[in-house]
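K.L.:
Structure incoming, see below.
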Amino acid sequence: MTRITSAALAAVAFSLPASAKEFRSADVHPEDYPTVMAVKQMSEAVKKRTGGKHSIKVFTGTQLGGEKDTIEQTKIGALDLVRINSAPMNNIVPETLVPSLPFIFRDVTHMRKVLDGPIGDEILKALEPHGFVGMAFYDAGARSFYNTKKPIRTPADMKGMKIRVQQSDLFVGMLQALGANATPMPYGEVYTALKTGLVDGAENNWPSYDTARHFEVAKYYTVNEHSMVPEILMFSKKIFDTLPADEQKIFKQAAKESVPYMRKLWDAKELESRKKVEAAGVQVVDKVDKKPFMDAMKPVYDKLVTDPKLKAMVKRVQDTK
């Protein structure tokens, strides 16, 4: 599929008035993925509340590039919105590091309470000086390890394995702490890398493991749930600032309202994906002692969480009941 260049998108973006009817949003996932469906629902709400003036078209499956590409396009206003995982933002906006930390959340309920509250709002607000308006957090489930070689039950089983991670210093550090060789690469390249042996494994949630068809080539999935790093829906600040205040409010409200819809789809998708990959013969390692994995993360926290403000935010997350 031909990709649209940043320059071409920019030319289109800056030739349109603020009253443009169709905003463009990017997502690396397929059409029926919960994050995509949530932005489509948001579009319907925006369309209704603006009397048909505005809507959102979602470009799926890396049509506009990987997450790193679309983040850059959104920053310059060549793209209006983007749904990305928090991890690629870690090196841009320090606050996004906190919800990305391994084992920072006790469970899904804890994660949702933190992100729906003042801490979540603070992280979204921190995006603005960097050219983005944080609209909402979406769930990305719990990420676990999977590989082509053998069942992983302890960190020792990972020693020397080449594991694909997101393009984030945090994820690289996490794999190094576990004794594996971190291999950062875009999400769209992982299937081929697993199939050809460029990497031995990767880490992700059930729906991504399923929909990207990684289960076809990496048959061992370990439910260690090392990360519940959330997704973020971001608006280009350059574009958002051209909208009148009442329309900005409509977009923000529609984004917030899409969250419970996304979560409902997500919870159902997780169950569906797990059943599907198990039926395909994947060996699932369910009973994992998480403590050795958690203990190995101390140097990751020590190295990355050095700013007093971030340390305080980590404690606030951990203290949230």
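K.L.:
Would you be able to say whether some residue in region 231-240 is surrounded by fewer than 18 Cβ atoms within 10 Å (Cβ to Cβ), small (Gly, Ala, Ser) and in contact with a Ser or Thr (Cβ under 6 Å, 6 or more places away or on another chain)?
P.N.:
no
K.L.:
Under 8 Å between Cβ atoms, at least 6 apart or on separate chains: pull out the pairs that start in region 160-180 with a residue that is free of Cβ contacts under 8 Å to residues at least 24 places away in the same chain and end on any residue that is assigned to a loop (DSSP other than H, G, I, E, B) and buried (at least 24 other Cβ atoms within 10 Å of the Cβ).
P.N.:
Matching pairs, first to second residue: GLY160/ALA180.
K.L.:
Select from region 252-284 the residues that are in a helix (DSSP H, G or I) and polar (S, T, N, Q) and write down the one among them that is most open to solvent (accessible area, probe 1.4 Å).
P.N.:
GLN253
K.L.:
Further question: Among the residues of region 179-201, count how many are open to solvent by 10 Å² or more (accessible area, probe 1.4 Å), among the hydrophobic types (A, V, I, L, M, F, W, C) and closer than 21 Å to PHE293 by Cα.
P.N.:
1
Residue-wise test of (1) closer than 30 Å to LYS321 by Cβ; (2) modelled with pLDDT under 95; (3) in a loop (DSSP other than H, G, I, E, B); (4) not aliphatic (A, V, I, L, M).
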| residue | (1), (2), (3), (4) |
| --- | --- |
| ILE71 | no, no, no, no |
| THR74 | no, no, no, yes |
| ILE92 | no, yes, yes, no |
| LYS113 | yes, no, no, yes |
| ASP121 | yes, no, no, yes |
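K.L.:
Something else about it: Quick one: which of VAL317, VAL300, VAL223 is of a type in the set (A, V, I, L, M), assigned to a helix (DSSP H, G or I), more than 30 Å from ASP69 (Cα to Cα) and touching a residue at least 24 places away in the same chain (Cβ under 8 Å)? If you could, list the steps in order and put the result at the bottom.
P.N.:
Working: VAL300 fails: more than 30 Å from ASP69 (Cα to Cα); VAL223 fails: assigned to a helix (DSSP H, G or I).
Result: VAL317 is the single residue among VAL317, VAL300, VAL223 that is of a type in the set (A, V, I, L, M), assigned to a helix (DSSP H, G or I), more than 30 Å from ASP69 (Cα to Cα) and touching a residue at least 24 places away in the same chain (Cβ under 8 Å).
K.L.:
Among SER6, SER55, which is open to solvent by 10 Å² or more (accessible area, probe 1.4 Å) and modelled with pLDDT of 95 or more?
P.N.:
Values: SER6 fails: modelled with pLDDT of 95 or more.
Testing whether each residue is open to solvent by 10 Å² or more (accessible area, probe 1.4 Å) and modelled with pLDDT of 95 or more leaves just SER55.
The values are calculated or read from the model by the stated rules, or taken from the named source; none is laboratory data. In this text the structure is predicted, and so the values were computed from the model without any measurement. Every residue, glycine among them, receives a Cβ derived from its backbone with ideal geometry; neighbour counts consider all protein chains shown. Protein only, heavy atoms only, side chains kept; ligands, DNA and RNA dropped before computing areas. Shrake-Rupley method; radii C 1.70, N 1.55, O 1.52, S 1.80 Å.
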